Amino acid sequence: QVQLVESGGGLVQAGGSLSLSCAASRRTFSRYVMGWFRQAPGKERDFVAYSAWSGGSTYYADSVKGRFTISRDNAKNTVYLQMNSLKPEDTAVYYCAAGRILGVAATQYDYWGQGTQVTVSS
């Protein structure tokens, strides 16, 4: 079992930046692919980015490519999402997730955090 706790959400103006963190409970953190997803009201949960086990491989949704950066610190069991040049359409609840295989589908991830709200005002 892996417990994930996100932090760092909030309200920011368009063009601003926010940094999210997700702390994991397991010391085997490095064995998991870590992903970020988001869900806006009335919409499905969408993939944002993932970081492979060692952090050497990352992948982003087209909608955030060039603006968001995922990183991880395996020594601290923590994954981060740096979000720059935020847009109102980035407003959503952001979730971190842990899984065993690389993928962009929510069903490929086994453990989920509780989510943190990000609101971008225009």
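Here are a few things to note about the model shown:
- Here K76 is the anchor, and the aspartates and glutamates within straight C-alpha reach of less than 16 Å, apart from those fewer than 8 places off in the same chain, are E6.
- Percent of beta bridges antiparallel (DSSP, segment 6-122, rounded to nearest 5): 90
- Rough spin-label spacing in nm, given labels placed 7 Å along Cα→Cβ, for S57 and Q1: 3.1
- Separation in nanometres of the label points that stand 7 Å from Cα toward Cβ, at Q13 and D73: 3.0
- Relative contact order of segment 19-71: 26 percent, from C-alpha pairs under 8 Å at least 6 residues apart in sequence.
- Charge tally in the Cβ shell below 10 Å around Y32, where Lys, Arg are +1 and Asp, Glu are -1, Y32 excluded: +3
- Label point distance in nm, T119-T28, each placed 7 Å from Cα along Cα→Cβ: 4.0
- The Rg/Rh ratio of segment 67-122, with Rg taken over Cα atoms and Rh as the Kirkwood radius over Cα pairs, comes to 0.99.
- Share of carbon and sulfur in the accessible heavy-atom surface of the chain [1.4 Å probe, %]: 47
- The chain, relative contact order in percent, only Cα pairs under 8 angstrom and at least six apart counted: 36
- Of K87, K43, K76, the one that fluctuates the most in a GNM where the chain has Cα springs shorter than 10 Å: K43
- Heavy-atom accessible area ranking, 1.4 Å probe, most first, across R31, R45: R31, R45
- Values of log10 I(q)/I(0), in the order q = 0.21 Å⁻¹, for segment 16-112 under a Debye, Cα-only, solvent-free model: -1.03
- Under 11 Å, Cβ to Cβ, from V2 - net charge with Lys/Arg +1 and Asp/Glu -1: +3
The values are calculated or read from the model by the stated rules, or taken from the named source; none is laboratory data. Because the structure is a prediction, the values reported are computed rather than measured. Cβ: placed from backbone, ideal geometry, glycine included. Neighbour counts: every protein chain shown. What goes into the accessible areas is simple: the full protein's heavy atoms, side chains included, and nothing from ligands, DNA or RNA. Shrake-Rupley method; radii C 1.70, N 1.55, O 1.52, S 1.80 Å.
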